[in-house]
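The values are calculated or read from the model by the stated rules, or taken from the named source; none is laboratory data. Since the model is a prediction, treat every value here as computed from it, not as a measurement. FYI the Cβ positions are ideal-geometry reconstructions off the backbone, even for glycines, and counts take in every protein chain you see. The protein model used for the area step is the full one, side chains on, heavy atoms only, and it has no ligands, DNA or RNA in it. Shrake-Rupley method; radii C 1.70, N 1.55, O 1.52, S 1.80 Å.
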Amino acid sequence: KNAELEEVNVKLEAMTDRANQMSLKLDVDNWNLKKKIKESIEERMKGVEVSYEEFSNIFPNESACFIYLFKIKWEDSYTCRVCKNTEYDENITIFARKCARCGYFESATSHTLFHGIKFPIHKAFYISYMALHKKNKVTLNQMSQLLDLRKATCCNFRKKVLFATESYKKESSSETVKSWEDIIFVDIGKK
């Protein structure tokens, strides 16, 4: 009986190993599929309209938005706006850089369209996206209801986006804005 139990135990261990390998492979395949879907939606976002649900899959929360801004702002390199130093302090809050020489602190939203907003940034991302791609297809009332924001908040931020769009067109001598990303770093002063 012990020999039979040992034999069954060896078979069970082999089956468990195969099941674990299959599970791992499925996890990797699932992760790759989700990544491809997200990349596909991101590519579509750059040129055409996507629904709020699709947009929310890419930017589901504030952290996703801050990570995105952080990457496009400093992924290639960091240069201090004050002293032009390229070294920064690693021990600083998340989604920010602090110059190692002069101590200038800059958050991911500083000098962007999203600087100083007083409502969730993922909602600001969607308002900026809608202002460019859906133009007048969505009323302020619809936007307000969809994002659960005051109508005035939606109106004011949309104006800011449209002002940034016009500034971008003037600076780049372009008739169109290819992507909502083009206007993120437009310097619109205190508008």
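Working carefully through the options 177, 161, find the one that is in a loop (DSSP other than H, G, I, E, B), of a type in the set (A, V, I, L, M) and at negative phi.
Step by step, each of 177, 161 is checked, and only 177 is in a loop (DSSP other than H, G, I, E, B), of a type in the set (A, V, I, L, M) and at negative phi.
Would you check if residue 114 is within 18 Å of the chain's Cα centre (by Cα), part of a helix (DSSP H, G or I) and of a type in the set (Phe, Trp, Tyr)? No: the conditions fail for residue 114.
All conditions but one from (1) surrounded by 13 or more Cβ atoms within 10 Å (Cβ to Cβ); (2) in contact with a helix residue (DSSP H, G or I) (Cβ under 8 Å, 6 or more places away or on another chain); (3) within 22 Å of residue 62 (Cβ to Cβ) apply to residue 94; the one that does not is (1).
Residue under question is residue 24, and the condition is that it be open to solvent by 90 Å² or more (accessible area, probe 1.4 Å), at pLDDT 90 or above and among the aliphatic types (A, V, I, L, M); does it hold? Yes. Residues of region 117-142 that are surrounded by 15 or more Cβ atoms within 10 Å (Cβ to Cβ), touching a residue at least 12 places away in the same chain (Cβ under 8 Å) and outside any helix (DSSP H, G or I): 117, 119, 120.
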